[in-house]
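The values are calculated or read from the model by the stated rules, or taken from the named source; none is laboratory data. The model shown is predicted, which means the values in this text are computed figures rather than measured ones. Don't worry about glycine lacking a Cβ; one is built from the backbone with ideal geometry, like all the others, and counts go over all protein chains shown.
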Amino acid sequence: MASHALIERARQQGRTLLTELESKQVLHDLGIPTTLGQLATSAEDAVHAAETFGYPVVLKIASPDIIHKSDVGGVQLHLQDGEAVRQAFRAMQQSVATHAPGARVDGIIVQPMATPGVEVIVGMSKDATFGPVLMFGLGGILVEVLKDVAFRIVPLSQPDATEMIHDIKGFPLLAGQRGTAPADLEALQHILLTLSAFVASTPEVKEIDLNPIYAYPQGALAVDARVVLEEAPASA
Ligand code: ADP
Ligand code: MG
């Protein structure tokens, strides 16, 4: 389903939070590489999906009411075979029922386990004065503790995208040091510029959070995605 149809459907259902799978479909539609998964509604479904992707796989809870999946036991990594998938599926259902009672659950997403890369994050939020702004930073502890991030106003120019990547203090981690290969900065710029164009032409989108994106020597991959929509205008 194309982005605009997806957004329309969510609005008609009265939702402002797109699920990870929907958010990743939006990315996929824009040409941003992502670990697109498949929704499973039973443990056997999940094993079947895992077998089509190949092991190892990741399971994640799919719920329009859960924003931080790890917090409720809704992410299981490194699943190596069918038995591990079955067990993780049941454990996740129980954990979510305990930690997020009442949350609507669409099912559990099965997705390929990505090769680790340098973790970066890209976000979009709307500033009261400047309108949509994009944020770029290093993921994990660097962003949470050190707030090492750079902002630019949408629409971004090509130099904006280059500069904001170079602006963060952690840039040396991306530039490669002591024998580690540099990250593909062009792939990161491409993500920033693509999102900028998308946001500029899609005012219904209120927030985007790609956390994390794995930056590789060649390419970059969004392994988590969240798109939040503006409240739909009240219909007459
Ligand atoms: P949350 O909603 O808790 O942010 P994430 O989807 O970001 O959930 O998953 C939590 C963590 O698990 C990520 O930060 C990443 O380190 C790891 N992870 C998630 N999906 C994958 C994947 N497909 N491949 C490898 N690691 C993953
Ligand atoms: Mg995340």
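All told, residue 19 meets the bar of being under 14 Å from the mean Cα position of the chain (by Cα), more than 24 Å from residue 215 (Cβ to Cβ), within 15 Å of ligand 1 (Cβ to nearest atom) and touching a residue at least 60 places away in the same chain (Cβ under 8 Å). Looking only at residues in the stretch 198-236 that are surrounded by 15 or more Cβ atoms within 10 Å (Cβ to Cβ) and among the hydroxyl-bearing types (Ser, Thr, Tyr), the one that is farthest from residue 69 (Cα to Cα) is 202.
Per the listing 62, 2, 46, 97, the residue uniquely buried (at least 18 other Cβ atoms within 10 Å of the Cβ) and away from ligand 2 (no atom under 16 Å from the Cβ) is 46. Looking across 193, 146, 142, 185, one residue alone is at pLDDT below 95 and more than 16 Å from ligand 1 (Cβ to nearest atom). It is 146.
Taken over the stretch 175-230, residues that are part of a loop (DSSP other than H, G, I, E, B), among the hydrophobic types (A, V, I, L, M, F, W, C) and within 12 Å of the chain's Cα centre (by Cα) amount to 2. The number of residues in the stretch 65-94 being out of contact with any strand residue (DSSP E or B) (no Cβ under 9 Å at 6 or more places or on another chain) and away from ligand 2 (no atom under 16 Å from the Cβ) comes to 6. Counted as qualifying within the stretch 1-57 are the helices (runs of 4 or more DSSP H) with 1 or more residues that are under 17 Å from residue 92 (Cα atoms) and acidic (Asp, Glu), namely 20-30, 43-53.
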